[in-house]
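Novice: Take this structure, written in structure tokens, and hold onto it; I'll ask about it next.
The values are calculated or read from the model by the stated rules, or taken from the named source; none is laboratory data. Being a predicted model, the structure only gives us computed values, none of them experimental. Counting neighbours? That spans all protein chains shown, and the Cβs are built from the backbone with ideal geometry, glycine included. Note: accessible area is taken over every heavy atom of the protein model, side chains too, but ligands, DNA and RNA are not part of it. Shrake-Rupley method; radii C 1.70, N 1.55, O 1.52, S 1.80 Å.
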Amino acid sequence: MSLFSLKDKSILITGSSKGIGKSIAHQSALMGANVIISSRKLDACEATAKEINDDIGEEVAFPIACNIADDDQLKNLVDKTIDTLGSIDTLICNAATNTFMGSMLDMSIEQFDKVMHNNIRSNQLLCNLCLPSMIEKEDGSIIIISSIAAIKGSPMLGAYNISKAADVMIVKNIAAEFGHKNIRANSIAPGLIKTDFAKGLWENPDILKAVLQTNPMKRIGDPDEIAGAAIMLSSKAGNYINGQTIVIDGGTIAVG
Ligand SMILES: NC(=O)c1ccc[n+]([C@@H]2O[C@H](COP(=O)([O-])OP(=O)(O)OC[C@H]3O[C@@H](n4cnc5c(N)ncnc54)[C@H](OP(=O)(O)O)[C@@H]3O)[C@@H](O)[C@H]2O)c1
């Protein structure tokens with residue numbers, strides 16, 4: 001069997017009705033995984049699950065609505081995932097929030113709190129909900145979709161950057177505490193990717209020009225270009241990768 005096979009793996013991905021999460025779900029399903037499709041909108045999750053199931057030719061994608069801002073919904077997501085798939089081999093914390101673009105001086109503290117709540121607190125809680133069963137079976141992979149925003153300061157995405165840097169530390173802490181239980185925890189840090197979330201950046205010609213100036217490949221990324229790293233980290237190929245941040249940005253950080 002291929003090192004990258006995901007046969008019989010159960011993968012829970014938040015924010016997987018579209019964008020990077022959807023691509024990870026679809027590509028993981030193509031590698032043999034059963035996947036939970038989750039977002040705030042059940043109809044969007046159902047449509048994505050159907051699209052994946054139609055492509056694979058069997059039921060491997062299952063929709064469960066969950067707003068990551070809500071603790072009870074996170075608990076329900078984990079319970080329902082275990083009911084549906086039997087276990088969680090990989091947790092992928094992908095959904096995130098950005099409430100504000102501009103100077104930190106103009107950002108309200110409520111907007112700041114919302115970003116911290118969804119991007120840090122909810123991810124930590126979701127990890128905590130999934131870890132006990134992973135520890136019990138002494139196997140599990142946790143992936144948080146961070147960003148190169150975790151590495152470089154920004155004059156207009158300050159709170160988001162802080163939250164993405166914290167995500168890098170959440171996985172390092174899990175790696176440190178639970179590595180001996182065969183739990184691997186890593187983050188993936190994409191550069192600018194063509195999704196709705198980042199439309200405000202890539203649709204703005206001035207911002208796009210500035211981004212491309214520092215990108216040696218002179219193009220932004222595609223969601224499928226993030227999925228491969230997630231497959232690796234969920235599969236046997238990633239069994240000894242722990243506490244890392246995999247940057248996928250066309251080389252921007254490397255040359256910047
Ligand atoms: N695109 C980029 O350039 C880029 C770069 C670096 C990192 N990232 C990170 O990549 C991840 C995915 O972003 P994306 O670009 O793929 O975004 P996207 O295309 O907008 O997709 C976001 C997904 O998350 C769901 N979602 C949003 N808020 C949610 C909430 N409160 N609870 C549950 N689900 C929620 C959305 O569905 P609903 O709206 O229906 O809930 C959707 O399924 C994020 O962590 C983002 O920070 C993106």
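Novice: How far apart, in nm, are the 7 Å Cα→Cβ label points at Leu30 and Asp43?
Specialist: That separation, rounded to one decimal, is 2.9 nm.
Novice: At 7 Å along the Cα-to-beta-carbon direction for both His117 and Ala69, put a label point, then send me their distance in nm to one decimal.
Specialist: Here the answer is 0.6 nm between the modelled labels.
Novice: Also, quick follow-up: On a full-extension model of 0.36 nm per residue, what is the gain between Asp79 and Ile241, subtracting their alpha-carbon distance, rounded to one decimal in nm?
Specialist: Residue separation times 0.36 nm, minus the Cα-Cα distance, leaves 55.6 nm.
Novice: Another question, if that's okay. What is the helix-to-structure angle for 122-137, meaning the angle in degrees between its Cα long axis and the longest Cα principal axis of the chain, kept from 0 to 90 and rounded to the nearest 10?
Specialist: Helix 122-137 and the main axis of the chain meet at about 30 degrees.
Novice: Run the simple label-point estimate for Thr214 and Trp202 please: 7 Å along Cα→C-beta, distance reported in nm.
Specialist: 1.8 nm
Novice: At 1.4 Å probe size, what's the solvent-accessible area of Lys50? Round to the nearest 10 Å².
Specialist: 120 Å²
Novice: Can you compute the FRET efficiency between Ser108 and Ile253 using 1/(1 + (r/R0)^6), with r the Cβ-Cβ distance and R0 = 30 Å? Round to the nearest 0.05.
Specialist: The computed FRET efficiency comes out at 0.50.
Novice: Can you compute the helix-only [θ] at 222 nm over the chain? Use -39500 (n - 2.57) per DSSP H run of at least 4 residues, normalise by all residues, nearest 500 deg cm²/dmol.
Specialist: -14000 deg cm²/dmol
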